[in-house]
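The values are calculated or read from the model by the stated rules, or taken from the named source; none is laboratory data. Not measured: the values here are computed from a predicted model. Here the Cβ is made from the backbone with ideal geometry for all residues, glycine too, and neighbour counts use every protein chain on show.
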Amino acid sequence: MKARLKKLMKKKTLLFMCLPAIAFFFVFSYLPMPGVWLAFVQFNYKDGIFGSKFVGLDNFRFLVMSGQLWMLTKNTILYNLAFILAGNILQVTVAILFNEMVGKFLRAYKKFAQSVMFLPYFISTVVIGVFAYNFLNVQTGVINSMLRQMERDTINFYSIPQLWPFIIVLVYLWQYTGYGSIVYFAAIMGIDSEMMEASEIDGANAFQRIRYILLPCLKPTFIILLLFALGGIMKGNFGLFYNLTGASNTALYNKTDIIETFVFRCLNVSFNFSSGSAVGLYQSLFGFALVMTVNTIVKKIEPDYSLF
Amino acid sequence: MPETLDLQSSMSTDEKLRKLDSGNKVVDKTQRAIQIFGVFLTGFICLLCILPFVLIISSSFTAEKSITLHGFSLIPREFSLSAYDLIFKNPKMVLGSYLVTIGLTVTGTTVGLFIIAMTGYALQRPDFPLRNHISFYIYFTTLFSGGLIPFYMVVTRTLKLKDSYFAVLLPLMMSPWLIILMKNFLKSIPHSITESATIDGAGDFYIFLRIILPTATPALATVGLFLALNYWNEWYNSMLFLSSKVTYRPLQLFLYNTVNEAKYIRDSAAASNIPAVDIPLESMKMATAVVATGPIIFVYPFVQKYFIQGITVGAVKG
């Protein structure tokens, strides 16, 4: 013990260098953690978190009974599944197609196309909300203006919940296809080029090369990215949902309300801090269990890639 | 840092393929077909990626009358500068927002980057006994969190930062992901440099400041740009913590208010003595979006390669 302490004393500068970060995570991540107690009390401002009346699991019971917890869980998970599946398939496809673009002209095109497809990643979700408004709003939106010109009935997108799963998934693909295809493109670049060349000499055509070499080589990366994405399946993209559907559009909640947007409303609209905290705690615990499970699986199939 | 090495070796793979391609002309029929399909599919996606930008720019230059009559369109039916006129006739709000966002971005990125680099350097030092403990302490925050409401309570009640720019500045300053990214980057600087400097009598902080920082510019650029992008696009904490008591809101929140609350546009029209009927409500929303996004589009071509570097280093083992 003494020897270890002495060893540490010799490196105390390094410890000091970590102190700002340690303090940062203490204040913004660890200090809020005891606040999960909110989920078990009936919160009122005057008495504070720890002085409010303890109600046990009543907050959870109410959320389950009202069916709200189930709806939020269902929406969050289904949206994430759609994002993960559609997103990854499109990203791999694009990366493979880019990889086949050889020759001077196609190479220049590829560079340009990659830049263009990466651009949406840089745009704030507020601006994405403006984009959607420009397309979809009933009076002046592009789609409805076109329908009007063709003398067809207009569609009030912001009041038809059934349309939103498609819209939201499309916008997600719009924003992340470029980003994700870069990850897969890098993975393709990591594949041993000798295998490719050998197959070419053996007379494999491009399709066979993709089918029998590229795809099998990408499988581990694909599975691992997929697994970690599944680990985060309880986390939602608040900005995207909030800005796309409009802040207080109750008509769409049934199909578009996810855990993040619900908790936000508990904080900012209904001031129901205890319900919001209960949902938040449920999300954290569920998410924690998921990541642990995923990590155990990854550790079994590809120990190098496990998180810890 | 195998991923960057892969990228480099990929260059040579590309070179080889190109030689193969131009030398023997071995682009077979299936490959040609795949290429044609590829150009069509990616071209289509590219069009979709560009389209919204063209639409909001064009809409922002369209006369309000034409928008209410015919809706937004790809090419302005009736060209007009009235939306921009109105924004810049009374530029106090926009300029204020710009200054707040620039101030937050510059301060947050500089301070955050320094702390992240310092932490990343210490955590990748193989001779630092606490490196695994501290790494786990930081990483654990991504596994479990208290949730939004307890976080909100800490910022507003414990730190008392409601309506303070610090509530926006501080939470974005670092993230576990960026610290791990920095750590992975700095690992590629040989430890022997640190060792030999130690033998020469240099202290750890001095080594970091004078030797590591100057050699790590690509890493600093990448992590710094991720930070800067987060600050520029930030609206969430602003919305949570800055109430209407704060006159100058960060740019994205200003845009959010302009789009969602017509009141903001009416106020600014009133300040410029424009009668309510002549307010270019719709084109104003679009023009504000253009003003808020413009700088990003402008610097994008110069910085995108750093982001690509960051994604390929950080993505596989994040």
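In region A:183-199, is there at least one residue being buried (at least 16 other Cβ atoms within 10 Å of the Cβ) and more than 10 Å from chain B (Cβ to nearest Cβ)?
yes
Among the numbered conditions (1) more than 17 Å from the chain's Cα centre (by Cα); (2) in contact (Cβ under 8 Å) with a residue 60 or more places away in the chain, tell me where A:Arg152 comes up short.
The number of the failed condition is (2).
Examine region A:220-240 for a residue that is part of a helix (DSSP H, G or I), in contact with a Ser or Thr (Cβ under 9 Å, 6 or more places away or on another chain) and without any contact (Cβ under 8 Å) to a residue 24 or more places away in the chain, and state whether such a residue exists.
Within region A:220-240 (the criterion being part of a helix (DSSP H, G or I), in contact with a Ser or Thr (Cβ under 9 Å, 6 or more places away or on another chain) and without any contact (Cβ under 8 Å) to a residue 24 or more places away in the chain), the answer is no, since none of the residues qualifies.
For a quick check of your reading of the model, give me the residue pairs whose first member lies in region A:109-131 and is closer than 23 Å to A:Tyr184 by Cβ, whose second is hydrophobic (A, V, I, L, M, F, W, C) and assigned to a loop (DSSP other than H, G, I, E, B), with beta-carbon atoms closer than 7 Å and at least 6 apart or on different chains.
Between residues of region A:109-131 that are closer than 23 Å to A:Tyr184 by Cβ and residues that are hydrophobic (A, V, I, L, M, F, W, C) and assigned to a loop (DSSP other than H, G, I, E, B), the close pairs are A:Tyr109/A:Met101; A:Lys110/A:Met101.
With (1) surrounded by fewer than 16 Cβ atoms within 10 Å (Cβ to Cβ); (2) part of a helix (DSSP H, G or I); (3) without any contact (Cβ under 8 Å) to a residue 40 or more places away in the chain as the list, and A:Ala86 as the residue in question, which single condition is left unmet?
(3)
Given (1) farther than 22 Å from A:Val263 by Cα; (2) touching a helix residue (DSSP H, G or I) at 6+ places or on another chain (Cβ under 7 Å); (3) of a type in the set (Val, Ile, Thr), where does A:Ile89 come up short, assuming only one miss?
Unmet condition: (2).
Kindly evaluate A:Phe105 against the criterion of being under 30 Å from A:Phe228 (Cα atoms), part of a helix (DSSP H, G or I) and of a type in the set (Phe, Trp, Tyr).
no
Identify the residue in region B:163-179 that is more than 10 Å from chain A (Cβ to nearest Cβ) and assigned to a helix (DSSP H, G or I) and, among all such residues, is surrounded by the most Cβ atoms within 10 Å (Cβ to Cβ).
Here the answer is B:Val168.
In region A:256-305, how many residues are of a type in the set (S, T, N, Q), at the interface with chain B (Cβ under 10 Å from one of its Cβ atoms) and within 20 Å of A:Ala229 (Cβ to Cβ)?
Of the residues in that region, 3 qualify.
Kindly provide the set of residues from region A:136-170 that are closer than 23 Å to A:Lys255 by Cα and in a loop (DSSP other than H, G, I, E, B), ordered by number.
A:Asn137, A:Val138, A:Gly141, A:Thr154, A:Ile155, A:Asn156, A:Ile160, listed by residue number.
Looking only at region A:268-290, which residues are among the aliphatic types (A, V, I, L, M), assigned to a helix (DSSP H, G or I) and surrounded by fewer than 21 Cβ atoms within 10 Å (Cβ to Cβ)?
Matches in region A:268-290: A:Leu285, A:Ala289, A:Leu290.
Any idea which of B:Gln35, B:Gln31 is assigned to a helix (DSSP H, G or I), farther than 30 Å from A:Asp304 by Cα, at pLDDT below 90 and facing chain A (nearest Cβ under 7 Å)?
Being assigned to a helix (DSSP H, G or I), farther than 30 Å from A:Asp304 by Cα, at pLDDT below 90 and facing chain A (nearest Cβ under 7 Å) holds for just one of B:Gln35, B:Gln31, which is B:Gln31.
Looking only at region A:19-40, which residues are within 7 Å of another protein chain (Cβ to nearest Cβ), surrounded by fewer than 21 Cβ atoms within 10 Å (Cβ to Cβ) and closer than 15 Å to A:Leu285 by Cα?
A:Met33
I'd like the full set of residues that are in a helix (DSSP H, G or I), more than 7 Å from chain A (Cβ to nearest Cβ) and either surrounded by 17 or more Cβ atoms within 10 Å (Cβ to Cβ) or hydrophobic (A, V, I, L, M, F, W, C) (or both), limited to region B:140-162.
Those that are in a helix (DSSP H, G or I), more than 7 Å from chain A (Cβ to nearest Cβ) and either surrounded by 17 or more Cβ atoms within 10 Å (Cβ to Cβ) or hydrophobic (A, V, I, L, M, F, W, C) (or both): B:Phe140, B:Thr142, B:Val155.
Any idea which of B:Thr258, B:Thr247 is in contact (Cβ under 8 Å) with a residue 12 or more places away in the chain and surrounded by fewer than 22 Cβ atoms within 10 Å (Cβ to Cβ)?
Step by step, each of B:Thr258, B:Thr247 is checked, and only B:Thr247 is in contact (Cβ under 8 Å) with a residue 12 or more places away in the chain and surrounded by fewer than 22 Cβ atoms within 10 Å (Cβ to Cβ).
Just name the residue that is farthest from the chain's Cα centre (by Cα) out of those in region A:1-54 that are modelled with pLDDT of 90 or more and part of a loop (DSSP other than H, G, I, E, B).
Within region A:1-54, the match that is farthest from the chain's Cα centre (by Cα) is A:Leu31.
Any residue that is under 30 Å from A:Ile96 (Cα atoms), surrounded by 21 or more Cβ atoms within 10 Å (Cβ to Cβ) and of a type in the set (S, T, N, Q) - is there at least one of those in region A:217-224?
Looking for residues that are under 30 Å from A:Ile96 (Cα atoms), surrounded by 21 or more Cβ atoms within 10 Å (Cβ to Cβ) and of a type in the set (S, T, N, Q), one finds at least one in region A:217-224, hence yes.
How many of the residues in region A:95-154 are more than 8 Å from chain B (Cβ to nearest Cβ), among the small types (Gly, Ala, Ser) and over 30 Å from B:Lys285 (Cβ atoms)?
Residues flagged as more than 8 Å from chain B (Cβ to nearest Cβ), among the small types (Gly, Ala, Ser) and over 30 Å from B:Lys285 (Cβ atoms) within region A:95-154 amount to 2.
Any residue at all in region B:171-181 that's out of contact with any Asp or Glu (no Cβ under 6 Å at 6 or more places or on another chain) and either acidic (Asp, Glu) or more than 30 Å from B:Tyr206 (Cβ to Cβ) (or both)?
Among the residues of region B:171-181, at least one is out of contact with any Asp or Glu (no Cβ under 6 Å at 6 or more places or on another chain) and either acidic (Asp, Glu) or more than 30 Å from B:Tyr206 (Cβ to Cβ) (or both), which makes the answer yes.
One residue is enough: does region B:106-117 have a residue meeting the conditions part of a helix (DSSP H, G or I), more than 13 Å from every other protein chain (Cβ to nearest Cβ) and not β-branched (Val, Ile, Thr)?
no
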